[in-house]
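Report on the following structure.
The values are calculated or read from the model by the stated rules, or taken from the named source; none is laboratory data. Since this is a predicted model, take the numbers as computed values, not measurements. As a convention, Cβ positions derive from the backbone with ideal geometry for all residues, glycine included, and neighbour counts pool all protein chains shown.
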Amino acid sequence: MIADAVTTPYQAILNAGLRAGDVAIFVGVGGVGLFGVQIARALGANVVALDVDPIKIERAKTVGAAFTRVIGKDDARAIKAEIKAWAKDSRLPAVGHRIFETSGHPAGQTLAFSLLVHGAHLGIVGYTPEPVTVRLSNLMAFDATARGTWGCLPEHYPAVVELVASGKVEIASFIEPRPMSEINQVFAALHAGTLKKRPVLIPDFEADT
């Protein structure tokens, strides 16, 4: 549901205690991550967007991501160094980064964990059934926290609606309406990773005969 794609990252951002001026890093800027970028930017954060898809990265730029990078395999150390250098050059905090894993992919979750800095918060929003191996002691070493987010408390819905109504979070350009009769094709495309926008299934209405 499109509502979940917007409200869930909002809840994750609240859970992270994100404040204006913070560095917010999104690993994976598809449907959920792209809305997370917009929400974090609307709340005054300096947003980093990371994804394997250049098209998604370009979209993240258009909605306020200040630092973007197309990520490849096995370059976590380089990515962390680049973010550190960007933060320093931009006179932004080197600690306390808010990191959001919104890819739902094992490699994305591994990368997100590797980006921990002192006092960081890691919010797990994406889901994968695959196991992920990380060194949990990094949480201790960086005095960091990690928390998962499943959905959004209804009490926060009005704030999300206000962000959308005010234009601070844009939805229309990032969704693709499809008729309900194409549901099988839509799910096949989702599994194949060929959709570039978030699909919204619309009921088919046939005229009475």
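Summary of computed values
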read-out	value
In region 143-158, the residues that are within 20 Å of the chain's Cα centre (by Cα) and either in a loop (DSSP other than H, G, I, E, B) or among the polar types (S, T, N, Q) (or both)	ALA144, THR145, THR149, TRP150, GLY151, CYS152, LEU153
Of all residues in region 106-128 being assigned to a loop (DSSP other than H, G, I, E, B) and at pLDDT 95 or above, the one that is nearest to GLN38 (Cα to Cα)	VAL125
Single condition MET140 does not satisfy, out of (1) in a helix (DSSP H, G or I); (2) of a type in the set (A, V, I, L, M, F, W, C); (3) surrounded by 15 or more Cβ atoms within 10 Å (Cβ to Cβ); (4) assigned by TED's automatic domain parsing to the domain that holds ALA24	(3)
Cross-chain or 6+ apart pairs with Cβ under 7 Å, region 124-146 first and at negative phi, then assigned to a loop (DSSP other than H, G, I, E, B) and among the small types (Gly, Ala, Ser)	GLY126/GLY28; GLY126/SER103; GLY126/GLY104; TYR127/GLY104; THR128/GLY104; PHE142/ALA120; ALA144/GLY119; ALA144/ALA120
Which listed residue is touching a His at 6+ places or on another chain (Cβ under 6 Å) and crowded, with 22+ Cβ neighbours inside 10 Å, from ALA120, ALA112	ALA120
Residue match in region 61-74 (condition: closer than 27 Å to SER166 by Cβ, crowded, with 16+ Cβ neighbours inside 10 Å, modelled with pLDDT under 95 and in contact with an Asp or Glu (Cβ under 9 Å, 6 or more places away or on another chain))	yes
Hey, VAL70 of a type in the set (Val, Ile, Thr), touching a helix residue (DSSP H, G or I) at 6+ places or on another chain (Cβ under 8 Å) and touching a residue at least 60 places away in the same chain (Cβ under 8 Å) or not	no
Unique residue being in contact (Cβ under 8 Å) with a residue 24 or more places away in the chain and not charged (D, E, K, R) when the list is ALA107, ALA81	ALA107
Among residues of region 43-66, those that are in a strand (DSSP E or B), within 25 Å of ASP143 (Cα to Cα) and either of a type outside the set (A, V, I, L, M) or out of contact with any strand residue (DSSP E or B) (no Cβ under 6 Å at 6 or more places or on another chain) (or both), counted	1
Check on VAL23, crowded, with 24+ Cβ neighbours inside 10 Å and under 13 Å from the mean Cα position of the chain (by Cα)	no
Matching option when the condition is surrounded by 15 or more Cβ atoms within 10 Å (Cβ to Cβ) and not hydrophobic (A, V, I, L, M, F, W, C), among GLU182, GLU170, GLU176	GLU182
Test: residue in region 75-88 that is outside any helix (DSSP H, G or I) and over 13 Å from VAL48 (Cα atoms)	yes
